[in-house]
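Report on the following structure.
The values are calculated or read from the model by the stated rules, or taken from the named source; none is laboratory data. Given the structure is predicted, the values throughout are model-derived calculations rather than measurements. Here the Cβ is made from the backbone with ideal geometry for all residues, glycine too, and neighbour counts use every protein chain on show. Please note that ligands, DNA and RNA were not included when accessible areas were found on the heavy atoms of the full protein model with its side chains. Shrake-Rupley method; radii C 1.70, N 1.55, O 1.52, S 1.80 Å.
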Amino acid sequence: MRSILRSKIHKAIVTDANLEYIGSITIDKTLMDFVDLIDGEKVLVVSNTTGNRLETYVITGEKDSGIICMNGASAHLIKKGEEIIIMGFEITDSLISPKKILVDKNNKFIKYF
């Protein structure tokens, strides 16, 4: 079994950072649907701005809102305004074709890679 990239949201902009929340990353439901992420799924988040990396889980955000919010302790590592990559993985023996998207500065879908 291998851990293979299944989902990728590239060049998203963090719209908020909420230290008071218990944890996770809130992602616009529309973007989640484009790359097949689900509520509660573990993701790797990488900041293109600082190089910080962290693992957390997804909370579904309002559809078409453009929200990408770092919650809890992750808001110390990745802050509002940073450009990030969000990646989901699948443990499988099969080859899979990952769903990878590019978004604009407002976190709106531009294209599939």
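Laid out as a table, the results:
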item	result
Packing rank of 1-11, 47-57, 63-73, where each peptide gets the mean count of other beta carbons within 10 Å, highest leading	63-73, 1-11, 47-57
Neighbour net charge for residue 96 - beta-carbon separation under 14 angstrom, K R +1, D E -1	+2
Accessible surface of the chain [probe 1.4 Å, protein heavy atoms]: carbon and sulfur percent	53 percent
Amide H within-cut-off set for residue 49, under 5 Å, with H built and near neighbours excluded	83
Magnitude of the charge dipole, the chain, Cβ model with Lys/Arg +1 and Asp/Glu -1, debye to 20	400 debye
Å² of accessible area per residue within the chain, as computed with a 1.4 Å probe and no ligands counted	55 Å²
Relative contact order [Cα under 8 Å, 6+ residues apart], the chain, whole percent	44 percent
The chain: C-alpha pair distances exceeding 18 Å, %	43 percent
Beta bridges per DSSP with both ends in the chain, % antiparallel, nearest 5	70 percent
